[in-house]
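Encoded as structure tokens, the structure appears first; notes follow it.
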Amino acid sequence: MSVLDKVLSLRPGNTVARVGAGSRIPLLNPRELLRALDRAPVALPCLPVQAKGSLPGLLRAARAEDAILGLACPHPLSDRGAAERFVAAVHEAAVEAEHSRPLFLQAGPVRVARVDGDALGPLQEGLFRVVDAGFTLVSLDLSRLDSYAAVEALNVLAGPVSERELSLELTAPASSSADPLDAYRTLLEGLRQWKVPVRFVRIAEAALGEGEPDVALLRRLVDLAADYDAVVTVGEVGAGAPRALPTYVAAGARKVDCVGGFERLALGAWPPESRASVEEKAAAAGLPPGELLSVLEEQLPPLTSAARERLEALSFAEAVEVLSALGATRSGQTSMRFLAQNRGD
């Protein structure tokens, strides 16, 4: 039995059901990758797919760097078929490239703004669709709620994820006290009492301050998360990403969601009039243009062959820089060998 065959046996059931038992693509739960890289100075890289034409370049970068890779669908609930189309596009691109490094698929962050039944019911239904689509990590943004409402919401919303033993990531509510970690502490303690398992807690790069990041705050959050058997994600990392990424890894972050230059590259693939339309609609909706592009892409004129090739090449170059800065180079085969040898642990 080959290393790849052994690793394929670790794929979550929802993923196998979606892509088929005969698939040779190692779509894994990121929890397995954390286990494989437990002592390594590396953070799991997660990159947004804001235009599907970037997928070949992102996968090619992971192969060139022999790196694990996470791919995020920013708005998996934008319509009933969004999650399924995303997973299908990733799998098709990976099959075409004969990709054999570990991948994980992130849904979201999904923003949770209200806790009434009219809001939570459709959200829960949408999360069941996301899980059925084959995602292995679901990220929920609770920053618009208070801590107690967040725990109430998660008692409803965590079910689709925890029932399948997939990974759950949470952005905590904004803190009402001087210490920004109080909201994380209240949330994690409430979830521990309700036995809701959380694998990742997420803090936006902006919350670490402008200019030089507040490394002390990040390290405190890493220590707090560890008390609840969780690890820290630094999210929404921006255009200055490669310079800051080693700092986040050194401070103990185990996953980084790096928007970086990918939004600019995705938007730049379309002609000016299409780009302007997306930017205008994004401003009206209060969303980053790249996120809205991932929703509207199929409504835009298709990219020319030259534009697709340029997007692929630029995405490759950007991803290589990010993967290297996060210490993910040579993490692919290393994690595969570990998981093949320690499947039952």
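Starting from the residue with the highest accessible area, list D66, D118 in decreasing order, probe 1.4 Å. Let's see the in-between values first.
Values: D66 25, D118 130 Å².
Solvent-accessible surface, decreasing: D118, D66.
Which of these, A97, A225, A82, has the largest mean-square fluctuation under a Gaussian network model of the chain (Cα springs below 10 Å)?
Residue with maximal mean-square fluctuation among A97, A225, A82: A97.
Below 9 angstrom from the Cβ of L27, what's the summed charge of the other residues (Lys, Arg +1; Asp, Glu -1)?
Numbers: positive: R11, R18; negative: none.
Summing Lys/Arg as +1 and Asp/Glu as -1 gives +2.
How big is the accessible area of D141 in square angstrom, nearest 10, if you roll a 1.4 angstrom probe over the protein chains?
The accessible area of D141 comes to roughly 20 Å².
What net charge is computed for the residues neighbouring R129, neighbours being all others with C-beta under 15 Å from the C-beta of R129, Lys and Arg scored +1, Asp and Glu -1?
On the way: positive: R18, R80, R85, R164; negative: D79, E84, E125, D132, E163.
Neighbour charge sum, excluding R129 itself: -1.
Gain in length, E165 to R114, computed as 0.36 nm per residue apart minus the alpha-carbon separation, to one decimal in nm? Could you put the intermediate results ahead of the total?
Working: separation 51, 0.36 × 51 = 18.36 nm, distance 2.53 nm.
Stretched fully, the E165-R114 segment lengthens by 15.8 nm.
Can you pull the percent of the chain's accessible area that's carbon plus sulfur, 1.4 Å probe, other chains left in place?
Values: 7300 of 14560 Å².
Looking at the chain in its full context, I get 50 percent from C and S.
What net charge is computed for the residues neighbouring S143, neighbours being all others with C-beta under 10 Å from the C-beta of S143, Lys and Arg scored +1, Asp and Glu -1? Could you put the intermediate results ahead of the total?
Details: positive: R111, R144, R202; negative: D141.
That sum, taken over residues with Cβ under 10 Å, equals +2.
For segment 40-149, count all C-alpha to C-alpha pairs, find those more than 23 Å apart, and express that count as a whole percent of the total.
Values: 2028 of 5995 pairs.
Beyond 23 Å sits 34 percent of the P(r) for segment 40-149.
Shape of segment 100-183 from its Cα gyration tensor (a ≥ b ≥ c, root eigenvalues): rounded if a/c is under 1.5, otherwise prolate when a/b > b/c, or oblate?
Taking the square roots of the gyration eigenvalues as a ≥ b ≥ c, segment 100-183 is oblate.
With a 10 Å cut-off between alpha carbons and a GNM built on the chain, which of L69, L217, L28 moves the most?
L217
Grab the Cα-Cα distance for S177 and R63, subtract it from 0.36 nm times how many residues apart they are, and report the gain in nm with one decimal. If you can, show how the numbers build up before the last one.
On the way: separation 114, 0.36 × 114 = 41.04 nm, distance 4.51 nm.
In short, 36.5 nm is gained.
Please give the per residue accessible area of the chain, computed with a probe of 1.4 Å over protein heavy atoms only, in Å².
On the way: 14560 Å² over 345 residues.
Spelled out: the 1.4 Å probe surface of the chain, per residue, equals 42 Å².
Taking a 1.4 Å probe, which of T304, T334, T171 shows the most accessible area, and what order do the others take after it? Display every interim value, and only then the final one.
On the way: T304 85, T334 65, T171 20 Å².
If we order T304, T334, T171 from most to least accessible, we get T304, T334, T171.
Relative contact order for segment 1-129: what is it in percent, counting Cα pairs under 8 Å that are at least 6 residues apart? Can you show the working numbers first?
Details: 136 pairs, mean separation 36.7, N = 129.
Here the relative contact order equals 28 percent.
Counting only protein chains, not ligands or nucleic acids, how are D214, D229, D257 ordered by accessible area (probe 1.4 Å), most first?
Values: D214 65, D229 120, D257 15 Å².
Descending accessible area places them as D229, D214, D257.
Please identify, among A266, A172, A282, the residue showing maximal mean-square fluctuation in a Gaussian network model of the chain using a 10 angstrom Cα cutoff.
So, out of A266, A172, A282, the one fluctuating most is A282.
Of the options I203, L188, A43, report the single residue whose Cα projects farthest towards the positive end of the charge dipole of the chain (beta-carbon charges: Lys, Arg +1; Asp, Glu -1).
My answer, from the dipole projection, is A43.
When only C-alpha pairs under 8 Å and at least 6 residues apart count, what is the relative contact order of segment 219-334, in percent?
Details: 97 pairs, mean separation 31.5, N = 116.
Here the relative contact order equals 27 percent.
How large is Rg/Rh for segment 199-262, to two decimals, with Cα atoms and a Kirkwood Rh?
Values: Rg = 10.9 Å, Rh = 11.5 Å.
Looking at segment 199-262, the ratio lands at 0.94.
Arrange the peptides 50-60, 182-192 so that the one whose residues have, on average, the most other Cβ atoms within 10 Å appears first.
Numbers: 50-60: 23.7, 182-192: 19.6.
In descending order of packing, they fall as 50-60, 182-192.
In whole Å, what are the extents of segment 197-345 along the principal axes defined by its C-alpha atoms, from largest to smallest?
Computed over the Cα atoms, the extents are 50, 37, 30 Å.
What length, rounded to one decimal in nm, is gained on full extension from A216 through to E152, with 0.36 nm per residue of separation minus their alpha-carbon distance?
On the way: separation 64, 0.36 × 64 = 23.04 nm, distance 3.04 nm.
The A216-E152 span can extend by a further 20.0 nm.
Sort all Cα-Cα distances of the chain into consecutive 10 angstrom bins from zero, then give the percent of pairs in each bin up to the one containing the longest distance.
The percentages, shortest bin first, are 5, 27, 37, 25, 6, 0.
Heavy atoms of the protein only, probe of 1.4 Å, neighbouring chains included. What is the accessible area of D179 in Å², nearest 10?
40
What distance in nm separates the simple spin-label points at T334 and E298, each placed 7 Å from Cα in the Cβ direction?
So the label points at T334 and E298 sit 3.9 nm apart.
May I ask for the Rg/Rh ratio of segment 162-281, computed from Cα atoms with Rh as the Kirkwood radius, given to two decimals? Don't jump to the answer; show the numbers that get you there.
Working: Rg = 16.9 Å, Rh = 15.9 Å.
For segment 162-281, the value is 1.06.
Explain nothing, just the number: relative contact order of the chain, from Cα pairs under 8 Å at least 6 residues apart, as a whole percent. Spell out each step's value before the answer.
Working: 614 pairs, mean separation 87.5, N = 345.
Relative contact order of the chain: 25 percent.
Using a simple spin-label model with points 7 Å from Cα along the Cα→Cβ vector, what separation in nm is obtained for D38 and R85?
For the pair D38/R85, the computed spacing is 4.2 nm.
Using the reciprocal of the averaged 1/r over all distinct C-alpha pairs, how large is the Kirkwood radius of segment 1-91 in Å? Write down the numbers at each step before the final one.
Values: mean 1/r = 0.0688 Å⁻¹.
It is 14.5 Å.
The values are calculated or read from the model by the stated rules, or taken from the named source; none is laboratory data. Everything quoted here is computed from the prediction, not taken from an experiment. Every residue, glycine as well, gets a Cβ built from its backbone with ideal geometry; the counts of neighbours run over all protein chains shown. Please note that ligands, DNA and RNA were not included when accessible areas were found on the heavy atoms of the full protein model with its side chains. Shrake-Rupley method; radii C 1.70, N 1.55, O 1.52, S 1.80 Å.
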